[in-house]
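Working notes, beginning with the structure itself.
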Amino acid sequence: MLRFLIRRSLGAVVILLIISAVTFFLFYAVPRDPAMLACGKNCTPDSLAVIRKNMGIDEPIPVQYWHFMVGIVAGRTFAQGDCPAPCFGYSFANQDPVWETILDRFPTTVSLTLGGAAVFLFIGLGAGMIAAWKKGTIIDKAFSSFSLVLSSMQIYFIGPLVLALVVYNMELLDQPKYVPLTQDPGGWFMGLLIPWCVVQIIFTANYTRLSRSSLIEQLQEDHVRTARAKGMSSRYVFFRYAWRGSLIPIVTIFGVDLGSLFGGAMITEWTFSLPGLGTLAVKSVQNTDLPMVMGVMLFAATFIILFNIIVDAAYAFIDPRVRLS
Amino acid sequence: MTTVTKEAHVPAPRGEGDAGAFLSVRDLYVHFDTEDGTVKAVDGLSFDLERGQTLGIVGESGSGKSVTNLSILGLHNPRTTEVSGEILLDGQELTGAREKTLESLRGNKMAMIFQDPLTALSPYYTVGRQIGEPYRKHRGASKRETRERTIEMLDKVGIPNAKQRVDDYPHQFSGGMRQRAMIAMALICDPDLLIADEPTTALDVTVQAQILDLLKDLQQEFGSAIVFITHDLGVIANVADDILVMYGGRAVERGSVREVLRAPQHPYTWGLLSSMPRLGGDVNEALSPIHGTPPSLLSPPPGCAFHPRCGFVDEVAGGLSCSADRPVLPAGRGAACHLTAEQQSTFFIEQIKPRLG
């Protein structure tokens, strides 16, 4: 297990290096000059040069990349002040330190993600299980068609629709907002209720279908028939034998989904104006804010890779064949 | 001393009013509904089996042998399968029995060993847990009793070091050991009926022989009736008392092992025998396979299902037609064929037997 973790962590570092390089150089492939934007209307060549120097973009691009990467590991000093490791620099747009901004936005994204995941796992796996159990019946067909409809929905359509209905028309809930859990648990829950229900829609549909097909496949396995031939009840066979095996593809997909959600559920956060990493990413790209884009990108990528490693480790708990080989 | 020997020879007393055999299958029909139509997997099958006896069911893939036995245990899909006829186990009707009733019999009074021990055991639980499950359920045994019994069974089927191996997962067992574990699982509740569905097909030959010996020994110990399904006549000769040859969902020949293997009557049985390689045979001598393919069970040929592949159709006399009249399998020793008994014996001795050597 330890060797596995070391090997995967080294692999993760390589992947992150590649992602950082690609993002960094792609940023300069776009014909927009962040110094020009910061300089404003009455821009003189002299002031532009000063701004460039302050931003640290007066040097050749590879050198900038090198300083950036060193900063992450060792920290660096800017005109705005000291920046301890991990240093992603200061935002071009509003001079905020990137790392602190990310840490500040992260709880919103985590709250949205975990709540949403709880909803879509519960409904998705449950509905998939019922559909597989009642395979071929009206219930199965209803669940399958419904999940097909849901999975073709779009959050930017459903989100405003729910807002219009629940908040403005029926006035059941307040406008969604983020309140820290530690400050006011009730407010945290009520404020995120609508975003949770909206962010899960597509996932629920996918997990319903995945869990249904995976279970049906497992139910046709020989070992399930053996268990029935032993006289074990259908319920026992369904949960102990079929369900256990059906979890492997679900865990795989869940790891990837959760990892990418931790990097920010962009559309949902944007739709409900939640101050998470998703909104931060969209805004930074709009503002040509290189340090912020790099920061959010690497942060999100780290989570995706981390969850991939967790998934691989989780296999060992589900499948004893992985444990020993 | 003498009295003991005497008693051993007295046949087991039969139950009150027990006219039938221990396992009696009468006019069994198993039909599946598919998108292409109704598959007649088993089409009017009857056979009997006594305690302590072994019935070998032989036939090609798709002849209905596995389906027959799945329907005895009630393991078919009730939504798409229609089973009619009579299956009497020790006088108890199994067709149309409630799922709860079948559950209490499965793994307890009747058990099954499957073909592929690699896929027939769940990879997620230890061998011991899987073997012990039916014992806990049917006997209401405690965890400790079950574990002791499981170890005892593993020991009995010849797993060395059973005390340690009981906690292994199936993938830590070899193929032969897995099949032994399957047998232990099937026998843990002393079933009266054991159905073995090609239990040795997936194993290599030396292991095959060990497993067959083990089954024979265990049968002597437990006195179970065994239905042994296979397509390998060599295996059948080893284990069975009686043989039932199946073709296209019907029984085409029945008799004791000696009768069927020494003097087979049905041209299909001749075909099976001729397509079997012999240990002492000439290496360069080609096998003679049965031409054609097994019949489609969606629309089986009219008359005798074997007639499109049979080389003796023209020999049938007496106004009977193989493609129109369905031959009947007589009770007891016999074959479902329009050839007369003399013809069968002449053709076999003159044309088939010389090729078998």
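Approximating the spin labels as points 7 Å out from Cα along Cα→Cβ, the B:Arg139-to-A:Ile267 distance works out to 5.9 nm. Be a star and scan the range B:118-139 for residues whose amide nitrogen sits under 19 Å from the point 7 Å along the Cα-to-Cβ vector of A:Ala316. Only B:124-126 pass the distance filter.
Magnitude of the charge dipole for the range A:98-324, about its Cα centre and with charges confined to Cβ atoms of Lys, Arg (+1) and Asp, Glu (-1), is about 1180 debye.
Just checking the output field for B:123-134: average partner chain Cβ neighbours within 10 Å of each residue's Cβ? Provide the component values of the computation, followed by the final result.
Values: counts 8, 11, 6, 1, 0, 0, 1, 5, 1, 0, 6, 5.
Going residue by residue through B:123-134 and averaging, the value is 4.
Express in % the proportion of alpha carbon pairs of the protein assembly as shown at distances exceeding 36 Å. Intermediate values should be presented prior to the final figure.
Values: 136129 of 232221 pairs.
The proportion of pairs with Cα distances above 36 Å equals 59 percent.
If you sort A:Trp133, A:Trp188, A:Trp99 by accessible surface, 1.4 Å probe, largest first, the order is A:Trp133, A:Trp99, A:Trp188.
Longer than 26 Å from Cα to Cα, which of A:Lys135/B:Lys100; B:Lys216/B:Lys353; B:Lys100/B:Lys143 are they? Say none if no pair is. It would help to have the intermediate numbers written out before the result.
Numbers: A:Lys135/B:Lys100 21 Å; B:Lys216/B:Lys353 30 Å; B:Lys100/B:Lys143 23 Å.
Violating the 26 Å Cα-Cα cut-off are B:Lys216/B:Lys353.
Centre-to-centre separation between the Cα atoms of the range A:191-227 and those of the range B:294-345: 53 Å.
The alpha-carbon atoms of chain B, seen along their principal axes, cover 69, 55, 48 angstrom, with the largest extent given first. In chain B, a dipole from Cβ-located charges (positive for Lys and Arg, negative for Asp and Glu) runs towards its positive end, and of B:Thr126, B:Ala317, B:Leu94 it is B:Thr126 whose Cα lies farthest in that direction. Projected onto its three principal axes, the C-alpha set of the range A:238-325 covers 52, 28, 13 Å, listed from the longest axis down.
Taking 0.36 nm per residue of separation and subtracting the Cα-Cα distance, what length does fully extending B:Gln92 through B:Arg278 add?
Details: separation 186, 0.36 × 186 = 66.96 nm, distance 4.27 nm.
Roughly 62.7 nm would be gained on extension.
Kirkwood radius, the range B:123-186, all distinct C-alpha pairs, inverse of mean reciprocal distance: 11.3 Å. The equivalent ellipsoid of chain A has semi-axes of 45, 26, 16 Å, largest first, where each one is the square root of 5 times an eigenvalue of the Cα gyration tensor.
When the helices of the protein assembly as shown are scored as -39500 (n - 2.57) per DSSP H run of n ≥ 4 and the total is divided over every residue, the value at 222 nm lands at -16000 deg cm²/dmol.
The translational diffusion coefficient of the range A:38-139, from Stokes-Einstein at 25 °C and 0.890 mPa s with a Kirkwood hydrodynamic radius over alpha carbon pairs, comes to 138 µm²/s. Summary of the geometry: the range A:68-109 and the range A:240-286, compared by the centres of their Cα atoms, lie 24 Å apart. Calculated FRET efficiency, A:Val167 and A:Phe122, Cβ-Cβ r, R0 22 Å, to nearest 0.05? That pair, A:Val167 with A:Phe122, gives E of 0.35.
Rolling a 1.4 Å probe over the protein heavy atoms leaves B:Glu350 with an accessible area of roughly 120 Å².
Can you tell me what the convex hull of the Cα atoms of the range A:85-139 projects to on average, as an area in nm²? Walk me through the numbers on the way to the answer.
Numbers: hull surface 25.3 nm².
Result: a mean projected hull area of 6.3 nm².
Amide H to amide H, with H built 1.01 Å from N, B:Ser46 comes under 5 Å of B:Asp27, B:Leu28, B:Ala251, counting only residues 5 or more places away or on other chains. Taking 7 Å steps out from each Cα toward its Cβ at B:Ala286 and A:Ala29 produces label points 6.4 nm apart. To the nearest ten degrees, helix A:2-29 and the longest principal axis of the Cα atoms of chain A are 50 degrees apart.
Return the FRET efficiency for the residue pair A:Gln175, A:Gln286: r is the Cβ-Cβ distance, R0 is 22 Å, and the value is rounded to the nearest 0.05. Can you show the working numbers first?
Numbers: r = 23 Å, r/R0 = 1.05.
In this case the efficiency is close to 0.45.
Please name which of A:Gln95, A:Ala85, A:Tyr156 has its Cα lying farthest along the dipole of the range A:70-215 towards the positive end, using unit charges on Cβ (Lys, Arg +1; Asp, Glu -1) and the Cα centre as origin. It is A:Tyr156, whose Cα lies furthest towards the positive end.
The values are calculated or read from the model by the stated rules, or taken from the named source; none is laboratory data. Only a predicted model underlies this, so the values are computations on that prediction, with no experimental measurement involved. Positions of Cβ are generated from backbone atoms using ideal geometry, with glycine treated the same way; all protein chains shown enter the neighbour counts. These area figures cover heavy atoms from the full protein model, side chains too; ligands, DNA and RNA do not enter into them. Shrake-Rupley method; radii C 1.70, N 1.55, O 1.52, S 1.80 Å.
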